[in-house]
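Enquirer: My structure is below; once you've seen it, I'll send some questions.
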Amino acid sequence: MAQNRDLAALESLGSTLKDSVSGYENAAQTVADAGIERYLMEKAHARRGLLDAFRQHITRLGGDPDISGSVAGSLHQRWLDLRSMFQDNTRAAVAEVERGEEYLKERFDSHLVSGDLSPDVRNFLADAYAKAKFDNATWERLVSDHR
């Protein structure tokens, strides 16, 4: 039973991470600032590596490592597409990246405070969240002119 909860948490957060990879890549394609574009592509690459670690952990627990993005993530991407049609693409991308990061933080927090996870998975998620955390200082420096 605990293994099922562990797998469900890993798969759920893995899906959110996959959405964030797509979000970073899409946002990087829409910004007009080379520094922001480079930063977003670096974050996408790092998140892809973290997603691979989730897949390995899921496999180790006997689950299916094929993680797909969520419906919410797809809707979020369509909202970014629509929003960018009506405003500065860089400004829209910055706002959506920030919104996506807040969502990811909430998702990790909800699983980390849950008492349903094994110590192994809780430790894995805590470590993954530390790696996924957004570098606010660098981000603020890059986007200060685009808000």
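Enquirer: With 7, 40, 50 as the choices, which residue is more than 13 Å from residue 100 (Cα to Cα), under 15 Å from the mean Cα position of the chain (by Cα) and crowded, with 16+ Cβ neighbours inside 10 Å?
Expert: Matching residue, one of 7, 40, 50: 50.
Enquirer: Since residue 36 meets every condition but one in (1) assigned to a helix (DSSP H, G or I); (2) at pLDDT 90 or above; (3) closer than 29 Å to residue 116 by Cβ, which condition does it not meet?
Expert: It is condition (3) that residue 36 fails.
Enquirer: Any residue in the range 37-61 that's more than 10 Å from residue 14 (Cα to Cα): show its pairings with residues that are of a type in the set (Asp, Glu) at Cβ separation under 7 Å, as long as the two are six or more apart or on different chains.
Expert: From the range 37-61, the pairs are 44/25; 61/6.
For (1) polar (S, T, N, Q); (2) more than 18 Å from residue 7 (Cβ to Cβ), each residue gets a yes or a no:
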| position | (1), (2) |
| --- | --- |
| 98 | no, yes |
| 104 | no, yes |
| 111 | no, no |
| 116 | no, no |
| 123 | yes, no |
| 127 | no, no |
| 131 | no, yes |
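Enquirer: For the range 118-138, how many residues are touching a residue at least 60 places away in the same chain (Cβ under 8 Å), part of a helix (DSSP H, G or I) and among the hydroxyl-bearing types (Ser, Thr, Tyr)?
Expert: Residues that pass the stated criteria total 1.
The values are calculated or read from the model by the stated rules, or taken from the named source; none is laboratory data. Bear in mind the structure is a predicted one, so any value in this text is a computation, not a measurement. FYI the Cβ positions are ideal-geometry reconstructions off the backbone, even for glycines, and counts take in every protein chain you see.
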